[in-house]
Structures are given as C-alpha cells and as structure tokens.
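As structure tokens, the structure follows; a few thoughts come after it.
The values are calculated or read from the model by the stated rules, or taken from the named source; none is laboratory data. From a predicted model like this one, the values you see are computed outputs, not experimental measurements. Every residue, glycine as well, gets a Cβ built from its backbone with ideal geometry; the counts of neighbours run over all protein chains shown.
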C-alpha cells in the first residue's frame, strides 16, 4: 500500500481522539488487517492512564483485539491472503484503521458472524480458555466459581466451562444474573448481599467448589480459600480490588492442598499465544458455527466516541463486551 499515514485513536493527557498516525511496519510473518471493529478491554483503560505499558516492540496505540479484512500478506505468510476475513489478538495497535497481526494469531471469521461479533471474541475467550483449560485443568463434573460472571471474560468462561460439562456458579450483581444463567451458569450469587462464601456452601451442601476464576484479588482472597474444596485451584487474572491483605489465614492452602495461580496473557511469548490460539480455534470455531458458543456484546460505539466507551467500562455496568466500530 502506498499510504504512509492512517487514522488512529491517539491518547493525550488521558483523553483520546482520532488523529493521524504512521502505518504499521509490516514483518514477513505478519498480515496487515484493515480494521472493521475493535474490542475494548480493561488493559486499554489502564494503558490510557499510564498504568499498563505495552510490551517491548509493540505498537503504543491502544487495542488488543480486532476483526477485519486482510489488506496485505507478508512474504512468509502461508495461511492467509488478501481479502480474507479474520479476527485475533494483538500486542497493541487495534484502535486504528490498520493493524499488524502475526499470521499465527489470526482466526477465520465464521460466515455466521459479522465483524462486530468477531471482535468480541479473542481477548476474553483466549483468557478464559487459558484459565480454565491450561491452568485450572477443569474436568467434567467439577464445580467452577466464576467471579464477575457478567464481564467479558466471565461470559466467555461460563460458556467454556459449560461446554466442558462443569457445574458453573457465578458472582455478579442481581441485575446481571439473567445473562449468566442464560449462558449456562447453574447458580448466580449476588456479591452485594453478604459473603459469597456462605452462598457457595449453601448451594454445594457445604462441599465448596473445585476451581475459582478471580479478578478481584485481595478482598476475595480469604473467602476464595474457604470456598475451595480439597485439591481446589484458584486462578487470579486481575487485581481490581487491590493487592495487599491486612492479614490472611493460609492454613487452608495446606489443609486442602490448594493450588494458587496467577496469569496475564499479554506478557506471554508469541509462541505461547500462538499455541493457545490454535487450540482455542479448534475448540471454539465449530461451536460458533452451530451456535453453542456466542459472543456477548453489551454496547457498540463508533470509534469517535471512544472516550464514552472507556467511561462506560469504568462504571462496571457492562454485561459482556464493549466494541468500537471502525467502519
């Protein structure tokens, strides 16, 4: 392509606005994607605030997931050609007209989905699949508690755990319970009404759960340990409630042989992310085609209203994904 500039969302003083930015530098194994839609993620809001810098070598532009059309294929690209419709994860640069994506990170958009729906999938389903399958190693018949069940990752995790034939419990505010139950949760707990631990005990006849997927961290840590049964696994994916514990009783870790894991996806190696993408694609694409799995979208904003999209995410009101349309 002859153009050396494109439109992109630029950050200045914590605010975002459309502007002109250099076209991405293409590598032999990359595809250049004409972006049609981009997902909004917590990492974007943190990066905008200067709290989550992009990995070394990544685009400084916001945006970790896109859907669009292949505009160019690098000299070593064998999987894609110009005109293919793809979606996938990026290390950065998604809030733009064009973004570079490694060929191994792209997935084909099923005919049943549009660009907006496809853009709602990569970050949340890769994160949820990594947590449930690779880290927690959830087994058929196990009980899984998913905190923030109506969030983007939460709605993805409910569907994946359901497809794995696990029994799903979630925490969410009462108005978000219907979407969680519709997606396959067996029980929904209102975290605003006392300790979720007590409800977990009641709903499981005092047995607890095998796996917990947590985003809250410090305020939930002790109750998470209590709610897990023997050989339980706690996977921590975010620290939204804080990082410091005033005190903690660690005895349950030994008594119940608990495993505690933490993970982020953006900092993983390209090889790790590519393997995860391939495995998720094998699991998810057939289920997207027949409707067993679906994207959950709360709101779609034109990308010129990106500040409104971020403000809505930071209000914690969303049920599912927030998407920017880059048409």
**Request:** Name the one entry in 286, 252 that is buried (at least 16 other Cβ atoms within 10 Å of the Cβ) and at pLDDT 95 or above.
**Result:** 252
**Message:** Among (1) outside the structural domain of residue 46 (by TED's automatic domain parsing); (2) modelled with pLDDT under 95; (3) over 25 Å from residue 55 (Cβ atoms), there is one condition residue 238 misses while meeting the rest; what is its number?
**Reply:** (3)
**Message:** When the residues of the range 282-311 are narrowed to those that are out of contact with any strand residue (DSSP E or B) (no Cβ under 9 Å at 6 or more places or on another chain) and not in a helix (DSSP H, G or I), which ends up farthest from residue 117 (Cα to Cα)?
**Reply:** 292
**Prompt:** Out of all the residues in the range 258-281, which are free of Cβ contacts under 8 Å to residues at least 24 places away in the same chain and assigned to a loop (DSSP other than H, G, I, E, B)?
**Reply:** 268, 269
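Among helices (runs of 4 or more DSSP H) lying entirely in the range 111-209, which contain 1 or more residues that are over 25 Å from residue 239 (Cβ atoms) and over 16 Å from the mean Cα position of the chain (by Cα)? Spell out how you get there, then give the answer.
Values: elements: 115-119, 122-129, 152-163, 177-183, 196-203.
Filter on the range 111-209 gives 115-119, 152-163, 177-183, 196-203.
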**Asked** If residue 135 satisfies every condition in (1) in contact with a strand residue (DSSP E or B) (Cβ under 6 Å, 6 or more places away or on another chain); (2) within 30 Å of residue 210 (Cα to Cα); (3) surrounded by 22 or more Cβ atoms within 10 Å (Cβ to Cβ) but one, which is the exception?
**Response** (3)
**Prompt:** Given (1) over 22 Å from residue 318 (Cα atoms); (2) without any contact (Cβ under 8 Å) to a residue 24 or more places away in the chain; (3) not in a strand (DSSP E or B), where does residue 20 come up short, assuming only one miss?
**Reply:** (3)
**Selection within the range 167-199 - surrounded by 17 or more Cβ atoms within 10 Å (Cβ to Cβ) and more than 23 Å from residue 129 (Cα to Cα)** = 173, 191, 196, 197, 199
**Residues being in contact (Cβ under 8 Å) with a residue 12 or more places away in the chain and surrounded by fewer than 17 Cβ atoms within 10 Å (Cβ to Cβ) - total across the range 230-248** = 9
